Amino acid sequence: MENMALLAQIQAFTGIGIGLIIGLGALGACIGIGIMCSSFLDGAARQPEMIPVLQGKVFLLLGLIDASFIIGVGLAMMFAFANPLLSVIH
Amino acid sequence: MADRINDNVVYSETLEVQEVNKIKSVDETKITIKQAFKKAATWQIIVTVSFCFLYFLFGGINAAISSILGGFSALLGGYAGVLMIRNRVDQSAGGVLIALLKAELTKIMVISLQLLLIFKLYNGLVPMALIGGLAASVLVSGAGLGAVGNNKK
């Protein structure tokens, strides 16, 4: 019975942790993407002939900004499907 | 009358030049994104295979397979994003931005779906190896920045 309570507690806190990992990661990525996109539009308005070159850089930088979010999603899935914290119970 | 004809000729020539510039710009964009993705993908494959080898040495065959699955899920996600950009027509700044955001959304969806499938279906998974391979592959994708604006093809 005590083990069940412990298991439920670990699962509950893991759920909160997963929410925080994904939520804060998405927040950071959104802020970064917003800043970069506004800079891209600014640059494109000043020098429209630079759009093709800027576009490639923006594509790669979007990937870099999202890297932390994607890694966070991977970690969250690890905690959801193969939670290492549950090994304490066994 | 002659002035009007001259004006029309100049106007049509200007339109032609604009059209040619637009086509040139589309081609330039495709080459730039293709170059950037090619370079990024090369580095991603190198890093993924290196990590796979390291995990094989220190963690066994399951860790190596997990690592390579993580690395290639990021690679396939990036390729899906490039496929989304490839067929767009709008060359305005807003159109380009919307296409890029759609590509990024596709990339995240594809990576998440692959990770979900791997976690659900692969029984011998080593989670830390998967995350390690994924993180290394995603972080090294910025290496393609060196190819943008570079004349080498």
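The values are calculated or read from the model by the stated rules, or taken from the named source; none is laboratory data. Because the structure is predicted, anything quoted here is derived from the model rather than measured. Cβ sites come from the backbone with ideal geometry, for glycine too, and all protein chains shown count toward neighbours.
Which one is farthest from the other protein chains (Cβ to nearest Cβ), of the residues in the range B:86-142 that are of a type in the set (D, E, K, R) and in contact (Cβ under 8 Å) with a residue 24 or more places away in the chain? Working first, answer last.
The initial filter retains those residues of the range B:86-142 that are of a type in the set (D, E, K, R), namely B:86, B:88, B:90, B:102, B:104, B:107, B:120.
Among the residues that remain, those that are also in contact (Cβ under 8 Å) with a residue 24 or more places away in the chain are: B:86, B:107.
On the way: B:R86: 12, B:K107: 7 Å.
Only one residue tops the list, namely B:R86.
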Count of the range A:31-84 residues which are closer than 24 Å to B:L75 by Cβ and outside any helix (DSSP H, G or I): 1
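Mind checking whether some residue in the range B:47-69 is facing chain A (nearest Cβ under 10 Å), aliphatic (A, V, I, L, M), in a helix (DSSP H, G or I) and under 30 Å from A:L54 (Cα atoms)?
First pass over the range B:47-69, keeping only residues facing chain A (nearest Cβ under 10 Å): none.
The answer is no; no qualifying residue exists.
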If you scan the range B:22-46, which residues turn out to be more than 9 Å from chain A (Cβ to nearest Cβ) and at pLDDT 80 or above? B:K38, B:K39, B:A41, B:T42, B:W43, B:Q44, B:I45, B:I46
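Residue-wise test of (1) over 21 Å from B:K120 (Cβ atoms); (2) surrounded by fewer than 13 Cβ atoms within 10 Å (Cβ to Cβ); (3) of a type in the set (A, V, I, L, M).
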| residue | (1), (2), (3) |
| --- | --- |
| A:N3 | yes, yes, no |
| A:G34 | yes, yes, no |
| A:D42 | yes, yes, no |
| A:I51 | yes, no, yes |
| A:F59 | yes, no, no |
| A:D66 | yes, no, no |
| A:M78 | no, no, yes |
| A:N83 | no, no, no |
Selection count, the range A:51-76, where residues are at the interface with chain B (Cβ under 7 Å from one of its Cβ atoms) and out of contact with any Phe, Trp or Tyr (no Cβ under 6 Å at 6 or more places or on another chain): 18
Among residues belonging to the range B:70-109 that are polar (S, T, N, Q) and outside any loop (DSSP other than H, G, I, E, B), point out the one that is farthest from the chain's Cα centre (by Cα). B:S73
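Taking the range A:34-50 on its own, how many of its residues are in contact (Cβ under 8 Å) with a residue 12 or more places away in the chain and at the interface with chain B (Cβ under 8 Å from one of its Cβ atoms)? Full working, then the answer.
Going residue by residue through the range A:34-50, those that are in contact (Cβ under 8 Å) with a residue 12 or more places away in the chain are A:36-37, A:40.
Pick out the ones that are also at the interface with chain B (Cβ under 8 Å from one of its Cβ atoms) and you get A:37, A:40.
The total comes to 2.
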Go through (1) out of contact with any Ser or Thr (no Cβ under 8 Å at 6 or more places or on another chain); (2) farther than 26 Å from A:I51 by Cβ; (3) not β-branched (V, I, T) and name the single condition B:K102 misses. (2)
